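No lab work stands behind these numbers, since they all come straight from the coordinates. Not measured: the values here are computed from a predicted model. Cβ: placed from backbone, ideal geometry, glycine included. Neighbour counts: every protein chain shown.
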Amino acid sequence: MINKQRKDILRSLLFVFVFGLCLLQAQDAFAQASGALFDSGTSFLTALSNLLTSTWARIIGIIAVAVLGFMYMLGRVSMQVTIAVVVGIVMVFGAPAIVDSVASVL
């Protein structure tokens, strides 16, 4: 019985010792690793803006217009949906120009 308690205590101490050594090891900070996308907040936001207003947005816009075409062909489209898609496409691709014009006024 005492032997089992000693083994449990030694096992716990060994675990604490190994865990402490793992915590004390010097390692590079992964948050400071340089990456092309995450160098700074500005470059991240610029990359995100380019992603949302370039190829992906163009593909989604083409799909939306194609779906509208099929809906027109089947006679199932409403003007509200058509206007929403067109205004959405204009806003996505015109977002940089809209923000620049508002910023130049201020």
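Annotations for the structure displayed:
- At most 12 other Cβ within 10 Å, DSSP loop - chymotrypsin sites (Phe, Trp or Tyr not before Pro), region 36-106: 38
- Take the Cβ atoms of residue 90 and residue 25, set R0 to 41 Å, and the FRET efficiency comes out at 0.15.
- Rounded to the nearest whole Hz, the Karplus-based 3J(HN,Hα) values (6.51 cos²θ - 1.76 cosθ + 1.60, θ = phi - 60°) of region 50-56 follow the sequence 5, 5, 7, 10, 10, 4, 5, with x at glycine and proline.
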